[in-house]
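Read the structure below first, then the notes.
The values are calculated or read from the model by the stated rules, or taken from the named source; none is laboratory data. Predicted model, so just to flag it, every value in this text is computed and none were measured. Ideal geometry is used to build each Cβ from the backbone, glycine not excepted, and the neighbour counts take in all protein chains shown. These accessible areas exclude ligands, DNA and RNA; they are computed on the full protein's heavy atoms, side chains included. Shrake-Rupley method; radii C 1.70, N 1.55, O 1.52, S 1.80 Å.
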Amino acid sequence: MTAIETDVEPAETTPVRTARRAPLIVVSVVLLAVFLAGAWAAWSLTIDDAFISFRYSANLAAGHGPVWNVDGPRVEGFTNFAWVVWSGLGAWLGLALPLFAKVTSLLLGLGTLYLLVREGHRRAGLTGVLVGAGAYVVFLPTYFHITAGLETAAFAAVLLRVVVLGLRVLANERVRTWEPPVLLLLLGMLRPEGVLAALPVVALWFIRERGAARWWWTGGAAVVGAAYFVWRWRFYGQLLPNTFYVKFGNLDSGWVWTKHTTLLLLPLLLLTLSLVLRRATRAAGGLLVVTVAVTYVTYAVSGPTMDYLDRFADHAIPVLCLGAGIAAGTLTQRVVGAVLGLVAVGWSAVAGTSSPELGLISNYGMDLQRAHVPIGKALAESDVPVADRTVAVTDAGAIPYYSGWTSIDYIGLNDPEIAHGADPTEVVMRRRPTVLVVTSVGPQPVGKRYGFDAARATAGYEQVASVEMRAGYWQDVFVLPPYAATVGEHVRQRADAARQVNDPDRPEATVDRWLDRLRSQLPF
């Protein structure tokens with residue numbers, strides 16, 4: 001009996017498959033190690049703005065709805081509804097919201113890394129992984145956005161998943177019918193501009209998808225989205241979130257943001273744009289470019305504030321990382337692709353570590369623990385009747401959250417009257433809160449800040465404490481005379497104790513301070 005000749009190659013054995021996958025496994029392990037090290041280095045950060053969302057979440061979990069103050073006019077001082085609801089679940093479960101938010105974002109960051117590795121390898125081989133996932137893990141701000149407590153990492157992860165689905169549609173690969181409309185809805189509830197960011201992919205999917213199911217899922221998502229919009233309009237009584245009235249429309253600031261972001265991400269942008277120049281990658285490149293453009297256009301025309309370490313740019317950075325990885329890994333001249341990829345990864349590493357804000361943000365979490373958190377906890381402990389537990393603040397985050405007091409945010413983010421143009425000094429003087437916390441450059445308030453005249457507003461109050469957050473940034477605490485003794489005692493005790501365990505005698509906002517603290521935490 002003779003053997004039958006065949007052109008079919010013998011199936012790969014397990015050892016052969018493992019050997020071929022070995023480089024990918026090694027690279028993935030190294031990327032994971034770098035990612036975890038970066039998250040550990042940034043773990044101390046929780047940004048003060050995150051506590052704004054946490055306050056709404058805590059009130060939601062307590063049955064009051066997503067409100068800033070339990071009593072008084074309702075205000076929507078946040079733009080991340082889905083994040084507020086998710087954090088509300090954590091509050092309902094009795095979990096510490098800063099930790100709950102950090103762990104959630106860490107898991108979503110790991111999911112982002114997984115998508116970059118998997119899709120980069122599928123579409124551009126090992127070079128795609130090294131460039132795409134490599135640029136993501138060496139960009140230091142990634143980790144501070146993961147640990148800050150805001151929705152940044154969640155938005156970036158969902159948007160990357162949306163783009164991956166778009167690439168699958170272009171490649172005629174299977175896409176679950178429910179996923180594009182559901183992700184569109186989720187992204188829009190994470191931030192309002194998320195609808196615009198996801199729209200190119202969802203429109204492409206809808207045009208190419210066949211069958212009635214796409215109509216049902218898309219229609220269902222539209223109904224839910226419309227119902228949410230009508231509900232929030234009725235609940236808060238205004239068309240847009242309160243922050244839009246305070247922050248939106250600074251075109252000069254938007255132009256500065258656009259120029260800075262372009263320089264920050266230049267190699268990633270150019271590599272992604274290069275996909276459009278090649279016929280084989282033109283459709284994928286066009287989809288990536290359009291998605292990034294519509295994501296960033298909102299920030300370019302709004303002039304984002306509190307854009308610490310390029311927070312809003314981070315929303316589409318994973319998409320650009322994937323685009324750069326595909327571009328570098330699919331070039332016919334592999335050496336050229338490798339060199340361009342190396343430039344992109346190196347640029348990302350240098351740009352992230354050379355940010356002038358790094359010193360401030362890397363120490364921000366400890367500084368918040370030195371000032372805002374102890375003040376908030378001290379107010380909660382003070383012997384002040386519930387009816388008189390009112391506080392006015394500049395930094396409307398940790399102090400209102402930990403105090404639980406009725407709060408006047410005299411910047412206006414969480415106050416509809418001030419947001420719509422009322423003079424903050426007049427508003428505070430008319431409402432006459434028990435406690436005024438004034439942000440200043442020293443132990444005594446000087447001049448005006450955000451239109452607030454501290455000298456006028458604090459007339460008749462007693463200054464009971466000055467708490468240094470960092471060099472040149474103080475929280476000066478003023479209290480009505482009947483409660484000055486109890487509030488002052490608790491604030492001083494809490495602040496003194498907090499300073500002893502949070503970088504005592506090191507208020508400077510420097511990278512060296514952060515690195516010294518990290519070295520002290522190493523076990524060797």
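For this structure, a couple of remarks:
- Failed item in (1) at pLDDT 95 or above; (2) closer than 30 Å to ASN80 by Cβ; (3) open to solvent by 30 Å² or more (accessible area, probe 1.4 Å); (4) of a type outside the set (Ser, Thr, Tyr), with PRO433 passing the rest: (3)
- When the residues of the stretch 504-518 are filtered to those that are modelled with pLDDT under 95 and open to solvent by 70 Å² or more (accessible area, probe 1.4 Å), the one that is farthest from the chain's Cα centre (by Cα) is ASP505.
- Considering (1) open to solvent by 10 Å² or more (accessible area, probe 1.4 Å); (2) part of a helix (DSSP H, G or I), the lone condition that ILE408 does not fulfil carries the number (2).
- For the stretch 472-487, the set of residues classified as farther than 20 Å from GLY442 by Cα and among the aromatic types (Phe, Trp, Tyr) consists of TYR483 only.
- Index of the failed condition, ALA422 passing every other in (1) open to solvent by 10 Å² or more (accessible area, probe 1.4 Å); (2) aliphatic (A, V, I, L, M); (3) within 26 Å of the chain's Cα centre (by Cα): (3)
- Which listed residue is crowded, with 21+ Cβ neighbours inside 10 Å, in a helix (DSSP H, G or I) and not β-branched (Val, Ile, Thr), from ALA338, ALA344: ALA344
- Checking each residue in the stretch 206-243 for being in contact with a Leu (Cβ under 7 Å, 6 or more places away or on another chain) and in contact (Cβ under 8 Å) with a residue 24 or more places away in the chain picks out ALA221, VAL224, GLY225, ASN242, THR243.
- Contacts under 7 angstrom Cβ, first residue in the stretch 316-340 being within 14 Å of ALA135 (Cβ to Cβ), partner open to solvent by less than 10 Å² (accessible area, probe 1.4 Å) and among the charged types (D, E, K, R), 6 or more apart: LEU322/GLU119
- For the stretch 69-125, filtering for residues that are more than 16 Å from the chain's Cα centre (by Cα), part of a helix (DSSP H, G or I), farther than 22 Å from LEU185 by Cα and touching a residue at least 24 places away in the same chain (Cβ under 8 Å) leaves 11.
- Among the conditions (1) free of Cβ contacts under 8 Å to residues at least 60 places away in the same chain; (2) under 30 Å from ARG513 (Cβ atoms), the only one that ALA349 does not satisfy is (1).
- Filtering LEU130, LEU186 for residues that are of a type in the set (A, V, I, L, M, F, W, C), within 30 Å of ALA398 (Cβ to Cβ) and open to solvent by 30 Å² or more (accessible area, probe 1.4 Å) leaves a single hit, LEU186.
- Criterion applied to TYR228, TYR236 was being hydroxyl-bearing (Ser, Thr, Tyr) and surrounded by fewer than 19 Cβ atoms within 10 Å (Cβ to Cβ), and the one residue passing it is TYR228.
- Residue check, ALA422 under 21 Å from ASN242 (Cα atoms), of a type outside the set (Val, Ile, Thr) and without any contact (Cβ under 8 Å) to a residue 12 or more places away in the chain: yes
- Top-ranked residue of the stretch 491-515 - restricted to ones that are in contact with a Lys or Arg (Cβ under 8 Å, 6 or more places away or on another chain) and in a helix (DSSP H, G or I), ranked as farthest from GLU468 (Cα to Cα): ARG513
- Here the condition is being in a strand (DSSP E or B) and in contact with a helix residue (DSSP H, G or I) (Cβ under 9 Å, 6 or more places away or on another chain); of LEU436, LEU413, it holds for LEU436 alone.
- Hits in the stretch 17-63 - residues which are of a type in the set (Ser, Thr, Tyr) and either touching a strand residue (DSSP E or B) at 6+ places or on another chain (Cβ under 8 Å) or at pLDDT 95 or above (or both): SER28, SER44, THR46, SER53, TYR56, SER57
- Index of the failed condition, GLN475 passing every other in (1) within 29 Å of the chain's Cα centre (by Cα); (2) open to solvent by 50 Å² or more (accessible area, probe 1.4 Å); (3) within 18 Å of SER403 (Cβ to Cβ): (2)
- Residue check for ARG456: in a helix (DSSP H, G or I), touching a helix residue (DSSP H, G or I) at 6+ places or on another chain (Cβ under 7 Å) and either over 23 Å from GLY404 (Cα atoms) or open to solvent by 80 Å² or more (accessible area, probe 1.4 Å) (or both): yes
- Taken over the stretch 239-257, the criterion of being closer than 24 Å to ALA198 by Cα, open to solvent by less than 60 Å² (accessible area, probe 1.4 Å) and part of a helix (DSSP H, G or I) is satisfied by ASN242, THR243, PHE244, GLY254, TRP257.
- The set of residues in the stretch 373-402 being in a helix (DSSP H, G or I) and either among the aromatic types (Phe, Trp, Tyr) or open to solvent by 10 Å² or more (accessible area, probe 1.4 Å) (or both) consists of LYS377, ALA380, GLU381, VAL386, ALA387, ASP388, TYR401, TYR402.
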